[in-house]
Amino acid sequence: MKTILSLIAALSLAYLLALGSVDSQQPDLDPAECSGKWIHIRNLPTRFNIDLLANCSDFRLFDDFCPYLANHGLGQKAHNQTRSWYRTEPFMLELIFHRRMLEYPCLTADPAVASAIFLPYYAGIDSLRYLYGGDVNSSFEHGLDLFQFLKHHDSPQIWENHQGHDHFLVMARPAWDFSQSVSYDQPIWGTSFLELPEFYNITALTLESRTWPWQEQAVPYPTSFHPPNTALFEAWVTRLRQSRRSTLMVFAGGGGSSSSPNIRRSIRLECKNSANSSETNGGYSKSCEFIDCSNGVCEHDPNRFMRPMLQSKFCLQPPGDTPSRRSTFDGIIAGCIPVFFENQSAKTQYTWHLPEDKYSDFSVYIPKEDVVFKGVKILDVLLGIPRDEVRRMRERVLEIMPRVMYRNHGSSLGLRTKKDAFDIAIEGTLQRIKARLQ
């Protein structure tokens, strides 16, 4: 509890310091550089954000997330000597984003001149009481308290100016978790936040979007890599280029143990069969490696999966309970070429960070139906790609890597010149809001 109270105090202090600094508009910054980029942070009551963290161990069916609150949501360091690697829980993106927003160079205290309004509401964390807690039967109420505050308290004209079209927030879960119909008599999984008419106009940054999104845009899952300066970032890139990749492909994940046909089962069987096969493997010391991450054993321990990814040319990214995976971004951070089995896993999701028309430059696509039902072997497809093409694809992966990482808060000015996942999310949000207002 002492750690949690310390974190809450630190977040409160950082927020107050940021509010105190926006009036100066950062004197070394040319105001013209912020034209069309000004963002106002709504001053929400703490019950909508940092107070929610005090309940971090209250949900028995959900993981105790108290350890992952450290370092403003980055989690505890992966080991004592590191300055870049953390045991990051992706659902803490709301904290990570909030902390980075406090460093955004174009903050304004005047909502009238802002191009966008940021709501520092920890929607995913607040949803836990509806998903796992005592409020499961009233999940249609998720967000109504926030709307009442925006509509009727503390400068309601800020909301009324554009009826919420200029407001955005982070919801650090898949959008499906907030898409329960408000008309269901019996509650099913999820809350109804994104189904409430009150919030139809906002922009929600989620970890995964629905098939036909209106409010939401998917942004990358946070990985464990959060470098604080250019030197450490460049050192990692150098290591990726020098890494000897003696394994053709790796799959880090769970599932696939049932007898029913599915892509994960096919992958596990192919990996098992390749280990027992005497057929040529294209000069690789190992054709396939399977890292069993069942029961979440890999989620907060990058040591379990990062080394095998560093040693592999291709990282297999099959869908699971939902189409997208954090592992997609872990693999890119490792310089490993992603292999997708359905477009909804990434191509139609992360359009701001990974442009759709560039996917063939840095990834491989094999329809899951071809693998599961038509006998297509993943090994054959990957071995059929010329080595020169594989090298070019790996270079493209290294080029896009900064776009999917979240650098550390308080990072060096040099590293801030490289746009990361946060920077691109803000750019995309401003463009979307501008288009809607026009």
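Could you grab me the full set of residues in the stretch 345-361 that are open to solvent by 60 Å² or more (accessible area, probe 1.4 Å) and of a type in the set (Gly, Ala, Ser)?
Across the stretch 345-361, the qualifying residue is only SER360.
Is it true that MET249 is in contact with a Phe, Trp or Tyr (Cβ under 9 Å, 6 or more places away or on another chain), aliphatic (A, V, I, L, M), outside the structural domain of LYS77 (by the TED database) and open to solvent by less than 20 Å² (accessible area, probe 1.4 Å)? First the steps, then the outcome.
Details: in contact with a Phe, Trp or Tyr (Cβ under 9 Å, 6 or more places away or on another chain): yes; aliphatic (A, V, I, L, M): yes; outside the structural domain of LYS77 (by the TED database): yes; open to solvent by less than 20 Å² (accessible area, probe 1.4 Å): yes.
Against the criterion (in contact with a Phe, Trp or Tyr (Cβ under 9 Å, 6 or more places away or on another chain), aliphatic (A, V, I, L, M), outside the structural domain of LYS77 (by the TED database) and open to solvent by less than 20 Å² (accessible area, probe 1.4 Å)), MET249 qualifies.
When you go through SER155, SER127 one by one, which is the residue that is polar (S, T, N, Q) and at positive phi? Before the answer, list the steps.
Numbers: SER127 fails: at positive phi.
Only one candidate passes the filter, namely SER155.
Go through ALA109, ALA70 for me and flag whichever is under 21 Å from SER412 (Cα atoms) and of a type in the set (Gly, Ala, Ser).
On the way: ALA109 fails: under 21 Å from SER412 (Cα atoms).
Criteria check complete, one pass: ALA70.
Looking at the stretch 195-214, which of the residues that are within 21 Å of the chain's Cα centre (by Cα) and farther than 19 Å from PRO323 by Cα is surrounded by the fewest Cβ atoms within 10 Å (Cβ to Cβ)? Walk me through how you get there before you give the answer.
Pass one, the stretch 195-214, residues within 21 Å of the chain's Cα centre (by Cα): 202-214.
Right, trim to farther than 19 Å from PRO323 by Cα and you get 202-203.
Numbers: ILE202: 24, THR203: 21.
Among residues in the stretch 195-214 that are within 21 Å of the chain's Cα centre (by Cα) and farther than 19 Å from PRO323 by Cα, the one surrounded by the fewest Cβ atoms within 10 Å (Cβ to Cβ) is THR203.
Hand me the list of helices (runs of 4 or more DSSP H) wholly inside the stretch 333-438 holding 2 or more residues that are under 15 Å from the mean Cα position of the chain (by Cα) and farther than 28 Å from SER243 by Cα. Full working, then the answer.
Working: elements: 359-362, 368-373, 378-383, 387-404, 413-416, 421-437.
The qualifying helices (runs of 4 or more DSSP H) are 421-437.
Suppose we filter VAL364, VAL404 for residues that are buried (at least 19 other Cβ atoms within 10 Å of the Cβ), in contact with a Phe, Trp or Tyr (Cβ under 8 Å, 6 or more places away or on another chain) and closer than 27 Å to LEU102 by Cβ; which single one remains?
On the way: VAL364 fails: closer than 27 Å to LEU102 by Cβ.
From the options VAL364, VAL404, the qualifying one is VAL404.
What is the one condition in (1) closer than 18 Å to PHE91 by Cα; (2) open to solvent by less than 20 Å² (accessible area, probe 1.4 Å); (3) assigned to a loop (DSSP other than H, G, I, E, B) that TRP189 does not satisfy?
Single failed check for TRP189: (2).
If I ask for residues that are charged (D, E, K, R) and either open to solvent by less than 10 Å² (accessible area, probe 1.4 Å) or under 30 Å from THR417 (Cα atoms) (or both), which ones from the stretch 95-149 would you list? Break it down into steps so the answer makes sense when it comes.
First pass over the stretch 95-149, keeping only residues charged (D, E, K, R): 99-100, 103, 110, 126, 129, 135, 141, 145.
Result: ARG99, ARG100, GLU103, ASP110.
Quick one: would you say GLU395 is open to solvent by 50 Å² or more (accessible area, probe 1.4 Å), under 30 Å from HIS72 (Cα atoms) and touching a Phe, Trp or Tyr at 6+ places or on another chain (Cβ under 9 Å)?
no
With the requirement that a residue be closer than 17 Å to HIS409 by Cα, in a helix (DSSP H, G or I) and not hydroxyl-bearing (Ser, Thr, Tyr), what does the stretch 217-256 give you?
Within the stretch 217-256, ALA231, LEU232, PHE233 qualify.
Would you tally the residues in the stretch 51-77 being open to solvent by 10 Å² or more (accessible area, probe 1.4 Å), in a loop (DSSP other than H, G, I, E, B) and hydrophobic (A, V, I, L, M, F, W, C)? Talk me through it step by step, then tell me what you get.
Filtering the stretch 51-77 down to residues open to solvent by 10 Å² or more (accessible area, probe 1.4 Å) leaves 51-52, 54-55, 57-64, 66-68, 70-72, 76-77.
If we keep only those that are in a loop (DSSP other than H, G, I, E, B) as well, we get 57-64, 76.
Cutting the leftovers down to hydrophobic (A, V, I, L, M, F, W, C) gives us 59, 61-62.
Count: 3.
When only residues in the stretch 256-296 that are surrounded by fewer than 18 Cβ atoms within 10 Å (Cβ to Cβ) and among the acidic types (Asp, Glu) count, which is modelled with the lowest pLDDT?
It comes out as GLU279.
In the stretch 115-125, is there at least one residue being assigned to a helix (DSSP H, G or I), assigned by the TED database to the domain that holds LEU150 and among the aromatic types (Phe, Trp, Tyr)?
Looking through the stretch 115-125, none of the residues is assigned to a helix (DSSP H, G or I), assigned by the TED database to the domain that holds LEU150 and among the aromatic types (Phe, Trp, Tyr).
The values are calculated or read from the model by the stated rules, or taken from the named source; none is laboratory data. Predicted model, so just to flag it, every value in this text is computed and none were measured. When we count neighbours, we look across all protein chains shown, and the Cβ atoms used for this are built from the backbone with ideal geometry, even at glycine. To get the accessible areas, we keep the full protein, side chains included, count just its heavy atoms, and leave off ligands, DNA and RNA. Shrake-Rupley method; radii C 1.70, N 1.55, O 1.52, S 1.80 Å.
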